[in-house]
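Visitor: Here it is, the structure in full.
The values are calculated or read from the model by the stated rules, or taken from the named source; none is laboratory data. The structure presented is a predicted model; accordingly, all values stated were derived computationally and were not measured. Don't worry about glycine lacking a Cβ; one is built from the backbone with ideal geometry, like all the others, and counts go over all protein chains shown. Quick note on the areas: whole protein, heavy atoms, side chains included, nothing else; ligands and nucleic acids left out. Shrake-Rupley method; radii C 1.70, N 1.55, O 1.52, S 1.80 Å.
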Amino acid sequence: MSKKIYLFATSKSEHAINVKSLDVRFLKPDIDFSKYDYLIITSKQTVKALEQYDKKDFIDTPALCVSVKTANLYSEFGGKILAIGDGYGDNLIKNIKEFSKETKWLYLRAELIASDFVQKSRDDGYKIDEKILYVSECSKEILDIRVTDDSTLIFTSPSSIECFLKNNTINPKAKVVVIGKTTANYLPQGIEYIISQNTSIESCVELALNIK
């Protein structure tokens, strides 16, 4: 690896120095899944959190998933897929609008989220309840990491940027790759960056490997 590539994520890549960005703590609120027509799932952590519940209570309730990768994880878990978004939470509104306003949705989410698609959908008259299934906190790894000035930095979520910046700055010589537009919005002003073509860690790493 000629130039160091740092991946700040909860997943790993053999082509990068892997720095876990978050520690995840799962919650288990009481949920009556029978009240809902469809679920909304926007992360792999949600799928992991669902392992705490009795599968028969929700597994036949189809889910709107934010991306192909999330849908694949939920499908492997045994869940039914209603529809798949384009990788951006903000754009799930258009998927929701394909259904009646009488449809009852349940968004299973993290404590902190970057998108306000739920509130915008509610403002348009759609019925969406929310349950917080996990809390993400900055990991010791990302708080303690120090990077060289000319490294390539891959950020895979707004929280990965926020946690990194608690004890670090992004050097102007660094190359920055972000997983999507929402994440890019959390970078400090003046930082140049490249957005990966697909909202996946694999796409980010491939891009980083090809930066000159």
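Visitor: So what are the three principal axis dimensions of the range 1-80 from its Cα atoms, in whole Å, longest to shortest?
Guide: That works out to 54, 24, 15 Å along the principal axes.
Visitor: Using only alpha-carbon positions, what ratio does the radius of gyration of the range 83-186 give when scaled by 2.2 N^0.38 Å?
Guide: The range 83-186 yields a ratio of 1.34.
Visitor: If I model a spin label as a point 7 Å beyond the Cα along the Cα-Cβ vector, how far apart are those points for Asp144 and Ile81 in nm?
Guide: Between Asp144 and Ile81, the label points sit 3.9 nm apart.
Visitor: Expressed as a whole percentage, what fraction of the accessible surface of the chain belongs to carbon and sulfur atoms when a 1.4 Å probe is rolled over the protein heavy atoms? All intermediate terms of the calculation are to be shown ahead of the outcome.
Guide: Numbers: 5130 of 11200 Å².
Its accessible area is 46 percent carbon and sulfur atoms.
Visitor: Accessible area per residue for the chain in Å², computed with a 1.4 Å probe and the full protein assembly in place, what is it?
Guide: With the other protein chains kept in place, the chain gives 53 Å² per residue.
Visitor: Choose one answer from Asp116, Asp30, Asp129: the residue with the largest mean-square fluctuation in a GNM of the chain with alpha-carbon springs under 10 Å.
Guide: Fluctuation is largest for Asp30.
Visitor: How about the range 122-212: which GluC sites (Glu not before Pro) there lie in a loop by DSSP and see at most 11 other Cβ atoms within 10 Å?
Guide: Glu192
Visitor: Now, a different point. With everything on Cα atoms, drop me the angle between helix 158-167 and the longest principal axis of the chain, reported from 0 to 90° to the nearest 10.
Guide: The helix 158-167 is inclined about 40 degrees to the chain.
Visitor: If amide H atoms are built 1.01 Å from N in the plane of the peptide, which residues on other chains or at least 5 residues away come under 5 Å of the amide H of Ser139?
Guide: Close amide H contacts, sequence-distant or interchain: Leu22, Asp23.
Visitor: Between Asp116 and Lys56, take the C-beta separation as r, use R0 = 35 Å, and let me know the FRET efficiency to the nearest 0.05.
Guide: Numbers: r = 33 Å, r/R0 = 0.94.
Calculated transfer efficiency: 0.60.
Visitor: If a/c stays under 1.5 just call it rounded; otherwise compare a/b with b/c (prolate if a/b is bigger, oblate if not). Do that for the range 147-212, with a ≥ b ≥ c from the square roots of the Cα gyration tensor eigenvalues. Write out the running numbers ahead of the final one.
Guide: On the way: a/c = 1.71, a/b = 1.18, b/c = 1.45.
In terms of gyration-tensor shape, oblate.
Visitor: Principal axis extents for the chain, Cα atoms only, whole Å, descending order, please.
Guide: 53, 32, 27
Visitor: Could the peptides 68-78, 6-16 be put in order, highest first, of the mean number of other beta-carbon atoms found within 10 Å of their residues?
Guide: 6-16, 68-78
Visitor: Ignoring everything except DSSP H segments at least 4 long, calculate the 222 nm mean residue ellipticity for the chain; use -39,500 (n - 2.57) per segment, divide by total residues, nearest 500.
Guide: Numbers: 8 runs with 57 residues, N = 212.
Dividing the helical sum by the residues of the chain leaves -7000 deg cm²/dmol.
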